[in-house]
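The values are calculated or read from the model by the stated rules, or taken from the named source; none is laboratory data. These figures come from a predicted structure and were not determined experimentally. FYI the Cβ positions are ideal-geometry reconstructions off the backbone, even for glycines, and counts take in every protein chain you see.
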Amino acid sequence: MKTSMKDVNSTKYMEQELVSIPFGKSKIDGLYYNSTIHDEDNKKNETVIIHVHGFLGNFLDGSQRFLPPILAEGGYSSLAINTRMANFGLFFGYGILNDTIPQIDRVVEYLEELGYKNIILSGYSLGTSIVLRYAALRKDAKKFPHLKGVITLAAPYSMPDSIRRRWNRLGSEPSYDEVLEEAKEIIKPGREGTGHDRTILIYKARGDSYRPEHTEIYTYRTWWYLAGPEAHTAMGYKQMEEIKVPILLIQGWYDEIVKPDETHDLAQVALDAGNKDVSAFYVNAGHKFEDKEEELGDIIVRWLDRRFKG
Amino acid sequence: MVSRQRRLLSFQAEDGFLINALLVSGEFTREKDLYDTPIVLLVHGVLGHFLARGTPRLLPNALEENGISSFLINSRMAFTGQMFGGAIFDESIMDVEAAVDVLVKEGFRKIIILGWSLGANISVYYAVNNPHPSVKGLILEGCSSSLPRSNKRRLEKWNSVPSYDHIYQIAKKVLRPDPVTTQNDRVFIIYRAMGPTFDPSDVELYTYRTWWFMRGPEAYNAKTNEIISGVKIPVLFIHGAEDYIVGHEEPESLVEILNTAGNQNVQLSFIPDARHDCMENPAATVDTLIEWLSNFKD
């Protein structure tokens, strides 16, 4: 077969660059999409979007991959990153949500060094838990003046509740309560780093079969901090109450992983907490927004234009 | 002038699998020089990808400093492929084929495939299956002589749970009526697969089907020692002198098989002060590669 060396993501609207941002002794990998569309006086757009992946994801897949070129055409640059929760972080024990916060701090700092003044955080699915947590912790506009907005795509109202409901509905093996009982033993205070963690499989967690695509993998520790009943950091609604920057929520009507109601409820929490700039959009799509990529991009570009253009 | 390149590319294998790849090349005076110089097509190891630490991450830049371009692919074996069923060893050569096609179409005439660890076994399987004439040589880093035997030895060494033989018995039941056509598959965990504890760092994760074709006793194409005699192009083995994952005897035995089969253009270099990742000693690794690659310059 014949294939082409053309980069399917290359457009005349942007330049792509793989970046490795130094972070302590390691690095944060990302893919930077520098929009080459400038405004009428040839001034570069000062707004940039950070994209955070979902469950097992990385910067090469899903909305982290298809959105940046669309946003670039609208004049917005993007940086799609891999956090500690990317790929198999959940399987081997190091994918803890709160540990992503310093990583995002570093990414924000990197973008500030590039001259961006308006930094927007966008998360997909699991990534929404990360960006909501981050925005709640960094809500002080005096200390974090460049964090200007949050976008969530398929955001669970509460990751622990969403997972528990789904597992109970599908009859997961083991059940949510069985995992909880085991996890309590593993997570006992003083056991951090003592080799008491285990990798676990949950069959029938994402569908009604034992097939791999319906299976989830965690360690007890990563499960505890993402899906356990005390995983407050992963409860989006609790974070939402704290966030005062503009929020855009987008949800698929036919999402079987996150219920459409959850977006409505999250938006209501933000409004009730006094946030005056909360928008929610629904598109005719499932959890991955397949075949609605352009529509999703258009909604985001319009939302950005109204707030950050000119 | 051809400028320095760091290009992210995407293309499909014959069966539609989407391959992401990274082209790393330096400046060349003329386009012809770029295409006439050997390019290294790099295939990652277990759970690897083109940004994985070690050889994928470090080697391309080091080669570029010496005028050699690289093309790194994320095959179907990358990331979580072996845990969710997509990483079928026998099908992975379609990813190498597609990458070679891309390079040939672009104009590269001297393609050297470098496989690291699992990638080495994939590269051998590709090389015995009618490789493209523009593929001029193989570099095999940390190459196990047989992925099934290596897995069996390791699981027995650490007294894994479940044992190798038990996995095989379960796999035969799960993958009925046969592993090729079955619609059944499951994820499973092997505890104490990589070390003596039940800690996550010592586990391996597969589906029965990915294990069957990569690690099972009937994974014929992953038994490199049984197929490598079919490799007729030049081969360089590089192997960490301190590699405790793949023993010295494994590449040594593969060299002997190649020589016996009539391939005398085979070199084995042990890299001092390096374990499974030869780039733990970048100077020695790069020197060895550059010297060997010089054989392919006009």
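Quick one: which of B:A52, B:A87, B:A99 is in contact with a Gly (Cβ under 6 Å, 6 or more places away or on another chain), within 13 Å of chain A (Cβ to nearest Cβ) and among the small types (G, A, S)? Before you say what the answer is, go through the steps one by one.
On the way: B:A52 fails: in contact with a Gly (Cβ under 6 Å, 6 or more places away or on another chain); B:A99 fails: in contact with a Gly (Cβ under 6 Å, 6 or more places away or on another chain).
Checking each option against the conditions leaves just B:A87.
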For this session: Scan segment B:1-16 for residues that are at the interface with chain A (Cβ under 7 Å from one of its Cβ atoms) and over 17 Å from B:P60 (Cβ atoms) and report the count.
Result: 4
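Residue-by-condition table, conditions (1) more than 14 Å from every other protein chain (Cβ to nearest Cβ); (2) basic (K, R); (3) within 17 Å of the chain's Cα centre (by Cα):
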{"residue": "A:I28", "(1), (2), (3)": "no, no, yes"}
{"residue": "A:K44", "(1), (2), (3)": "yes, yes, no"}
{"residue": "A:T47", "(1), (2), (3)": "yes, no, no"}
{"residue": "A:V52", "(1), (2), (3)": "yes, no, yes"}
For this session: Just give me the residues in segment A:71-81 being of a type outside the set (S, T, N, Q) and buried (at least 23 other Cβ atoms within 10 Å of the Cβ), in sequence order.
Result: A:L71, A:A72, A:Y76, A:L79, A:A80, A:I81
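Does A:I217 qualify as being at pLDDT 95 or above, closer than 30 Å to B:D202 by Cα, of a type in the set (A, V, I, L, M, F, W, C) and out of contact with any Asp or Glu (no Cβ under 8 Å at 6 or more places or on another chain)?
Working: at pLDDT 95 or above: yes; closer than 30 Å to B:D202 by Cα: yes; of a type in the set (A, V, I, L, M, F, W, C): yes; out of contact with any Asp or Glu (no Cβ under 8 Å at 6 or more places or on another chain): yes.
It is true that A:I217 is at pLDDT 95 or above, closer than 30 Å to B:D202 by Cα, of a type in the set (A, V, I, L, M, F, W, C) and out of contact with any Asp or Glu (no Cβ under 8 Å at 6 or more places or on another chain).
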Exercise. Pairs under 9 Å by beta carbon, first residue more than 12 Å from chain B (Cβ to nearest Cβ) in segment A:56-68, partner of a type in the set (V, I, T), six or more apart or different chains?
Worked result: A:Q64/A:V52; A:Q64/A:I81; A:L67/A:I49; A:L67/A:I300
Exercise. Do any strands (runs of 3 or more DSSP E) lying entirely in segment B:181-253 carry at least 2 residues that are more than 11 Å from chain A (Cβ to nearest Cβ) and surrounded by fewer than 16 Cβ atoms within 10 Å (Cβ to Cβ), and which ones are they?
Worked result: none
For this session: Could you tell me which of the residues A:I50, A:I104, A:I81 is among the aliphatic types (A, V, I, L, M) and either modelled with pLDDT under 95 or closer than 15 Å to A:L304 by Cα (or both)?
Result: A:I50
For this session: Name, by its number, the condition in (1) within 14 Å of chain A (Cβ to nearest Cβ); (2) at pLDDT 95 or above; (3) closer than 25 Å to A:I202 by Cβ that does not hold for B:H132.
Result: (3)
Problem set entry | Some residue of segment B:136-151 being within 14 Å of another protein chain (Cβ to nearest Cβ), in contact with a strand residue (DSSP E or B) (Cβ under 9 Å, 6 or more places away or on another chain) and more than 18 Å from B:V246 (Cα to Cα) | no
Problem set entry | Unmet criterion (only one of (1) small (G, A, S); (2) touching a residue at least 60 places away in the same chain (Cβ under 8 Å); (3) under 30 Å from B:S229 (Cβ atoms)) for B:A62 | (3)
Exercise. Is there a residue being on the phi > 0 side of the Ramachandran plot and in contact with a Phe, Trp or Tyr (Cβ under 7 Å, 6 or more places away or on another chain) anywhere in segment A:37-51?
Worked result: no
Exercise. Do we find that B:G216 is touching a helix residue (DSSP H, G or I) at 6+ places or on another chain (Cβ under 9 Å), in contact (Cβ under 8 Å) with a residue 60 or more places away in the chain and of a type outside the set (D, E, K, R) in this structure?
Worked result: yes
Exercise. Looking at (1) under 23 Å from B:L23 (Cα atoms); (2) at pLDDT 90 or above; (3) more than 12 Å from chain B (Cβ to nearest Cβ), which is the one condition that is false for A:T11?
Worked result: (2)
Exercise. (1) charged (D, E, K, R); (2) surrounded by 19 or more Cβ atoms within 10 Å (Cβ to Cβ); (3) in contact with an Asp or Glu (Cβ under 7 Å, 6 or more places away or on another chain): which one isn't true of B:R275, the others all being true?
Worked result: (2)
Seminar exercise, completed: If we take segment B:25-139, then helices (runs of 4 or more DSSP H) inside it with 2 or more residues that are closer than 23 Å to B:C278 by Cα and in the same structural domain as B:I238 (by TED's automatic domain parsing) are B:55-64, B:118-127
Problem set entry | Pick from segment B:255-279, criterion touching a strand residue (DSSP E or B) at 6+ places or on another chain (Cβ under 7 Å), of a type outside the set (V, I, T) and not in a loop (DSSP other than H, G, I, E, B), ranking: nearest to B:G45 (Cα to Cα) | B:C278
Exercise. Of the residues B:S117, B:S123, B:S92, which single one is farther than 24 Å from A:I217 by Cβ and away from chain A (no Cβ under 14 Å)?
Worked result: B:S123
Exercise. Which members of segment B:251-278 meet the condition of being of a type in the set (D, E), in contact (Cβ under 8 Å) with a residue 12 or more places away in the chain and out of contact with any Gly (no Cβ under 9 Å at 6 or more places or on another chain)?
Worked result: B:E252
For this session: Output the residues belonging to segment B:67-126 that are over 16 Å from B:N221 (Cα atoms) and among the small types (G, A, S).
Result: B:G67, B:S69, B:S70, B:S75, B:A78, B:G81, B:G85, B:G86, B:A98, B:A99, B:G107
